[in-house]
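Below: one structure, written as structure tokens.
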């Protein structure tokens, strides 16, 4: 091993500096919500660049606990998430399995139509009219069934299954007398754990954050998912101060405080899960690629 | 360190669009928003980022970059990692500097991925995100902020003109399809990479 003379690589220092700046840009808004929610909102408005909580306290969260509609929204979002995960992941896996078998009659045509939907679809209104005529208007299922299978997820699942579950395995199972269902549940599923994890992540994060479907399909306020409630609070500034309590004359600022608190409450689960699942994300992008 | 920077960069992707728009509204409010506070400390006049039609595009695009850059770069990163190291070593031996390596090895190596992703996103040219526009626009900024999908929403759901809105939406889809076929053809001719 030859020893290299010690070089100060300016480029690397510059690069690190740029990335530290970028990281601050990416993280500051989120960080801001956290510290602002633990501060006195009136002081937050006055401080130019918030780094630490000013006048720390949990007043915001005390108000938030009484703000019922937020928690109703939370509960609804959880219900929609669990339901749609169950349906979406299972149907995507089943569809991918079917489409990965070369023997499937009409495979190319079915694939063609499915992929077509990525590029062209009927549009907002016709879809809405179809869903409405199916009787899903203003029901929980309107947030589960439409868009249950994402074409992209279906395709990467199909590639994954085609690369990792060889035909020979399938044939061996058939020879040993297993049926399709048994093969699917007892052989394919245990072998596809990585794929299932990725599907749960992808479907989960898109369903949790979805608000458009709820916007057009739901009328009953008690069915609103968290995102819709967030929209009311954050964007439309419609915060019903029916919670009472000792707010006093700084009511305007406490409304702002509610915004910080509600944002924290809605992104907290995500941020807590993030460190544990983040290594799956980069893997997940390549999971649909062919094994060399 | 790379892993940490990369993880930080794609956290914004997982925030919901409502939350991101909440940030935008919060940071762009006059007097109390972060951006205007910074402008004030430098003595510059405050800007009405969301009420001024000329700011809308900037706000829309920059928040889109903020949210999407980290996640989208994962694909390019994977593609970059797939380029064989021996190419870089050969370039080192030939005395190439960083920028030459980027220009002659990295970029051509990533080209198929870049073209594919770009083609797939062509469909989004006209389907320009309904949700963010819908959350951030207001009648004052319709001039620059209203897009086809929000227009369809307004005429369809607000004004109940279902047939007109459907026609606009369908027209939208056809244009997307034509653009996609066109760009695919162009890509095939120019860089010999295409979707089909």
Members of the stretch A:133-159 that are touching a residue at least 60 places away in the same chain (Cβ under 8 Å), in a helix (DSSP H, G or I) and over 21 Å from residue A:107 (Cβ atoms): A:140, A:142, A:143
For residues that are at the interface with chain B (Cβ under 9 Å from one of its Cβ atoms), buried (at least 20 other Cβ atoms within 10 Å of the Cβ) and either in a loop (DSSP other than H, G, I, E, B) or within 24 Å of the chain's Cα centre (by Cα) (or both), tally how many sit in the stretch A:27-49. 3
Here are some residues: A:95, A:73, A:106. Which one is over 21 Å from residue A:198 (Cβ atoms) and buried (at least 17 other Cβ atoms within 10 Å of the Cβ)? A:73
When the residues of the stretch A:50-92 are filtered to those that are free of Cβ contacts under 8 Å to residues at least 40 places away in the same chain and part of a helix (DSSP H, G or I), which remaining residue is nearest to residue A:185 (Cα to Cα)? A:90
Could you go through the stretch A:122-140 and let me know if any residue there is closer than 17 Å to residue A:210 by Cα and under 19 Å from the mean Cα position of the chain (by Cα). yes
Going through (1) modelled with pLDDT of 85 or more; (2) buried (at least 18 other Cβ atoms within 10 Å of the Cβ); (3) not in a helix (DSSP H, G or I) one by one, residue A:202 fails only at (3)
Taking the condition modelled with pLDDT under 90 and within 14 Å of chain B (Cβ to nearest Cβ), does residue A:69 pass? no
Can you find a residue in the stretch A:74-87 that is closer than 26 Å to residue B:180 by Cβ and away from every other protein chain (no Cβ under 14 Å)? no
Any hit, the stretch B:79-94, residues being in contact (Cβ under 8 Å) with a residue 60 or more places away in the chain, within 12 Å of another protein chain (Cβ to nearest Cβ) and assigned to a helix (DSSP H, G or I): no
Given the conditions (1) over 16 Å from the mean Cα position of the chain (by Cα); (2) within 12 Å of chain A (Cβ to nearest Cβ); (3) farther than 30 Å from residue A:230 by Cα; (4) surrounded by 15 or more Cβ atoms within 10 Å (Cβ to Cβ), report the number of the one that residue B:75 does not fulfil. (1)
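The values are calculated or read from the model by the stated rules, or taken from the named source; none is laboratory data. A quick note: this is a predicted structure, and the numbers were derived from the prediction, not measured. Please note: Cβ atoms are built from the backbone with ideal geometry, for glycine as well, and neighbour counts cover all protein chains shown.
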